[in-house]
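Engineer: Supplied in structure tokens, the structure appears directly below.
The values are calculated or read from the model by the stated rules, or taken from the named source; none is laboratory data. No experiment lies behind these values; they were computed from the predicted model shown. Cβ placement follows ideal geometry from the backbone for every residue including glycine, while neighbour counts extend to all protein chains displayed.
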Amino acid sequence: MPETQTLPPYPRGLDFEQVWAALMENRKLLEQYAREVKEAQMEASIKMQETDRQMQVTDRKIQETSEQIKETDRQMQETDRKIQETSDQIKDINKRFGEYSNRLGEIAEYMIAPNLVEKFQELGMDFLKANRNTTVSDRKNKISFEIDVFLENSNTAMLVEIKTKLISDHINAHITRMEKMRKYADLHGDKRKFLGAVAGAVITDDIKELALNSGFFVIEPSGETFNITLPEGGIKEW
């Protein structure tokens, strides 16, 4: 008979309790992992919802801002329209005022001019002629100006400037006009002496004083007629 050998016993495997315990532990790990995954998903969902809400708020604010910009633009266009309307109204008022002032100036000329010769005669000054709207022009010597009323005789002439409301600029302009008259006269052999006068429907006290100190006669309304005030410090001749 062949010789029989006895094999050593196999090592004993895990028993049921150990296997079951390992399965339970693995289950716990899986459940914990599932919970963590679910929590992460819920947190991500919350963040996405918050992000979506913020985006909606941002979109709403952008829409509101866009509407505000449109409203601001509309208001600016309305303001521009009103400014243009106001500008047009001011231009129209200025035009009408200019026309009104010109009419008043013309009326003042018609009232004053016919009686100037007589009024100056009362002051001992005899003028033979009184011409309205006289133009002096010398292109060669670049001299050009206008005279509202020009009183003259053989040795004396007077330049009268008439305005609705007399201001300092008118007085300064009349001084320049007198200087041009003197230059023109010298160039053309006119040896007469030239006097100046200013008239206005409205003349304030300071403007009257300025005119008198500049050597001008001042002509101003007085009731249904007008008065002439002689220059302070003597009559100036040009």
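Conditions (1) surrounded by 22 or more Cβ atoms within 10 Å (Cβ to Cβ); (2) not in a helix (DSSP H, G or I), marked per residue:
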position	(1), (2)
Gly189	no, yes
Gly200	yes, yes
Asp206	no, no
Glu209	no, no
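Engineer: Is the range 167-185 home to any residue that is in a loop (DSSP other than H, G, I, E, B), among the hydrophobic types (A, V, I, L, M, F, W, C) and at pLDDT 95 or above?
Structural biologist: For the range 167-185, residues in a loop (DSSP other than H, G, I, E, B), among the hydrophobic types (A, V, I, L, M, F, W, C) and at pLDDT 95 or above: present.
Yes/no per residue for (1) modelled with pLDDT of 85 or more; (2) surrounded by 10 or more Cβ atoms within 10 Å (Cβ to Cβ); (3) aliphatic (A, V, I, L, M):
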{"site": "Val37", "(1), (2), (3)": "no, yes, yes"}
{"site": "Ser45", "(1), (2), (3)": "no, yes, no"}
{"site": "Thr51", "(1), (2), (3)": "no, yes, no"}
{"site": "Ile69", "(1), (2), (3)": "yes, yes, yes"}
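Engineer: It is to be established whether one or more residues within the range 161-179 are under 14 Å from Ile112 (Cα atoms) and either among the acidic types (Asp, Glu) or more than 38 Å from the chain's Cα centre (by Cα) (or both).
Structural biologist: Yes, the conditions are met somewhere in the range 161-179.
Engineer: Next up: For the range 129-140, how many residues are aliphatic (A, V, I, L, M) and exposed (fewer than 10 other Cβ atoms within 10 Å of the Cβ)?
Structural biologist: Residues that pass the stated criteria total 0.
Engineer: Quick check on this structure: which one of Gln77, Gln89 is modelled with pLDDT of 80 or more, out of contact with any Cys (no Cβ under 8 Å at 6 or more places or on another chain) and in a helix (DSSP H, G or I)?
Structural biologist: Answer to the selection: Gln77.
Engineer: Hey, can you tell me all the residues within the range 213-233 that are part of a loop (DSSP other than H, G, I, E, B) and either at pLDDT below 85 or of a type in the set (A, V, I, L, M) (or both)?
Structural biologist: Gly223, Glu224, Leu230, Glu232, Gly233
Engineer: Say we look at the range 137-176 and pick out the residues that are among the small types (Gly, Ala, Ser) and touching a Leu at 6+ places or on another chain (Cβ under 9 Å); which of these is farthest from Val218 (Cα to Cα)?
Structural biologist: Per the stated criteria, the residue is Ser154.
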